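Q: For reference, the structure I am asking about is given below.
The values are calculated or read from the model by the stated rules, or taken from the named source; none is laboratory data. Predicted, not measured: the structure shown is a model, and the values here were computed from it. FYI the Cβ positions are ideal-geometry reconstructions off the backbone, even for glycines, and counts take in every protein chain you see.
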């Protein structure tokens, strides 16, 4: 009954995945790992950076700087990852050119009229970017388009822009554009949002709030939550016990430890145990408050993240995906009727609780 | 004070030598002069905290204001974080756009403001409008209502504006501002100019001229531009914009002057820019970028606060725990000072090592795990120190290191701990 969900099938659930999260939680790293996982599962993946490429080339160890034109970031045996940047200004330019208005495009920017227009129509920049994403999706530019979204506060605004724009622009091609974007946002087969968090208090709070707002205000479907930087269990350091190094050494080898070693081992172990306890508290809280499956990524002790670490994280996501129950229905955070005050019934919370992240075990 | 603390005296373990070793630099140390931000608090009247999202800007800002109040100053922190977290930490129900006094047992005064950019702008409009009718026309305009949320830089400008207002009130010795998480430090410095440029938009101002003049002045290209906007977005947009600029007429000079005042305040020697970072690559890259841009704007970084530094376990440091949050670390066996194994076993019911059936293989595996764990954390601490060195060499100014706290700061006790770190009078337990 619980057949493992294949990686490729997971990646093909939706044509566009928007990856969102609070600043500093590892959103771009998670995006890169997802992209590589999908490519290794045979997909042709296109990663979109907003405004700039950020750390994406470095993460893939690709010696490229990419902008509005595509660049190859990763080439695996089964699939590849390409990257490009989308900026509102470029998207506008392209939009105007496509609509036969090349002449005015430059002057819009140089005269400052664009600032006036984008203030009069809040969300116009966002809608132009989402319109471009939609165009890439429709034109089958890739099997999977991954969008490294702006930090959460902005992400909600980013995705609600289409609704806001429909209020402001009562007619014309922009409104049509907004309509089409809203259609894409409402179709889980075309677009879903994956939120990334750390197992820490503030990011978890923000993630829960963002998830409900995205469902209520945007009506977008949320995929599994990526919980980044989870400690992988290690022998000798548990949440409820910590080995006594002196005794362990005595039992294992009959020898005592070097001067100072026991204290350092014990201090490091209790620090980790404390952090693990906090993490599990936050992960439990997340599971109870938000009935979404979780994909946990291992904590990497180094921040020097390059191709090797991205590959490691991609494999961890892949294994966590395989552990997901493919029968899982698309998540609705609130049980119907949608205006019910209960955030999630116990039943839903249980169903949404992920299996223990076996994939992470060494 | 050379007497070791009581627990260590009871069991002088070998690691005591490590703890007293030459590298046992306390995590809250602040470079050569260990007063941390004390001098900054004393000498400056405005502190602007910049940094990447997630670096702990909001908490740092509040802790600086608190440290100032403890030092006897009248301080005010302006936050832009709409989460209730800070209000909760300060023990107040709700923060508003006006300073709210935070009671506590410090000799100075502490106030907090939650920036409401829209409200701040409304106040400005009311101040510079010729009459209440003009103010009403502006406040009711649809384009105006979008301005604070849609025109980038407006939030930053309103934060600066609030700063100006609080500073000018003379009610505070020190105002600390938590800047919006912007990618570009200069958004903050540019903001006043950007808004005045917006308000003085040439195209729309031409449209407001008497008809005959405007027909002459409007080039063919400009007319095409406006036609395009109407065609793409609907003619209401152009009408809204016209109404907005018409309503604003006569107020530009007041606004421009105010913006000049704000700009001058930002570059005043009494204003300090403080960078908040975490020892991670992204944050360090961004902090270096901020430092460059600020230097270009002739605004050197006065201080750098590095949050979330991992302890160096080899040197005997112990992570600081936030008091009042029941830190689980302290409750765990293994954190006690070394004791004879007999005692250890009796106080550790769940300790693997105390199980009689522990095989040599299990013990070897557990020991290997603990060694790997220590090695991982030491590599991490080394990496963090390298990032820190790279940042310090670039930034200059006072550097303050705040260790990884056991929890997010969510009460006054936590803020007090951070404030102590910032002025350099909290030492790690290993010292």
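Q: Check whether at least one residue in the range A:169-187 is in a loop (DSSP other than H, G, I, E, B) and crowded, with 19+ Cβ neighbours inside 10 Å, and report yes or no.
A: yes
Q: Among the numbered criteria (1) at pLDDT below 95; (2) surrounded by fewer than 24 Cβ atoms within 10 Å (Cβ to Cβ); (3) in contact with a strand residue (DSSP E or B) (Cβ under 7 Å, 6 or more places away or on another chain), which single criterion is violated by residue A:43?
A: (1)
Q: Which residue is nearest to the other protein chains (Cβ to nearest Cβ), if the candidates are limited to the range A:189-201 and must be touching a helix residue (DSSP H, G or I) at 6+ places or on another chain (Cβ under 7 Å) and within 20 Å of residue A:27 (Cβ to Cβ)?
A: The qualifying residue nearest to the other protein chains (Cβ to nearest Cβ) is A:201.
Q: Hey, can you tell me all the residues within the range B:382-397 that are crowded, with 21+ Cβ neighbours inside 10 Å and within 12 Å of chain A (Cβ to nearest Cβ)?
A: B:384, B:387
Q: From A:128, A:144, grab the single residue that is buried (at least 20 other Cβ atoms within 10 Å of the Cβ), under 15 Å from residue A:14 (Cβ atoms) and touching a helix residue (DSSP H, G or I) at 6+ places or on another chain (Cβ under 9 Å).
A: A:144
Q: Within the range B:146-177, work out how many residues are crowded, with 19+ Cβ neighbours inside 10 Å and within 14 Å of chain A (Cβ to nearest Cβ).
A: Within the range B:146-177, residues that are crowded, with 19+ Cβ neighbours inside 10 Å and within 14 Å of chain A (Cβ to nearest Cβ) number 9.
Q: Let me ask another. With respect to residue B:75, determine if the residue is buried (at least 24 other Cβ atoms within 10 Å of the Cβ), more than 23 Å from residue B:153 (Cβ to Cβ) and in contact (Cβ under 8 Å) with a residue 24 or more places away in the chain.
A: Working: buried (at least 24 other Cβ atoms within 10 Å of the Cβ): yes; more than 23 Å from residue B:153 (Cβ to Cβ): yes; in contact (Cβ under 8 Å) with a residue 24 or more places away in the chain: yes.
So residue B:75 fits the description; yes.
Q: Given the criterion over 30 Å from residue B:93 (Cα atoms), at pLDDT 60 or above and touching a helix residue (DSSP H, G or I) at 6+ places or on another chain (Cβ under 8 Å), identify the matching residue among B:374, B:422, B:412.
A: Working: B:422 fails: over 30 Å from residue B:93 (Cα atoms); B:412 fails: over 30 Å from residue B:93 (Cα atoms).
Unique residue meeting the criteria: B:374.
Q: Go through the range B:224-233 and count every residue that is at the interface with chain A (Cβ under 7 Å from one of its Cβ atoms) and either surrounded by fewer than 20 Cβ atoms within 10 Å (Cβ to Cβ) or touching a residue at least 24 places away in the same chain (Cβ under 8 Å) (or both).
A: 2
Q: Follow-up question, since we're still on this one. Looking at the range A:107-130 only, could you name the residues that are more than 7 Å from every other protein chain (Cβ to nearest Cβ) and in a helix (DSSP H, G or I)?
A: Scanning the range A:107-130 gives A:109, A:110, A:114, A:124, A:125, A:126, A:127, A:128, A:129, A:130.
Q: Might you let me know whether the range B:263-273 holds any residue that is at pLDDT 85 or above, within 11 Å of chain A (Cβ to nearest Cβ) and part of a loop (DSSP other than H, G, I, E, B)?
A: Looking through the range B:263-273, none of the residues is at pLDDT 85 or above, within 11 Å of chain A (Cβ to nearest Cβ) and part of a loop (DSSP other than H, G, I, E, B).
Q: Take the residues in the range A:178-188 that are touching a residue at least 40 places away in the same chain (Cβ under 8 Å) and out of contact with any strand residue (DSSP E or B) (no Cβ under 9 Å at 6 or more places or on another chain), then tell me which one is nearest to the other protein chains (Cβ to nearest Cβ).
A: Per the stated criteria, the residue is A:178.
Q: Suppose the filter is in a helix (DSSP H, G or I), surrounded by fewer than 21 Cβ atoms within 10 Å (Cβ to Cβ) and away from chain A (no Cβ under 14 Å); does residue B:119 pass it?
A: So residue B:119 fits the description; yes.
Q: Further question: Working only within the range A:227-252, note down all residues that are more than 7 Å from chain B (Cβ to nearest Cβ), farther than 18 Å from residue A:296 by Cα and at pLDDT 90 or above.
A: Once the filter is applied, which keeps residues that are more than 7 Å from chain B (Cβ to nearest Cβ), farther than 18 Å from residue A:296 by Cα and at pLDDT 90 or above, the range A:227-252 yields only A:250.
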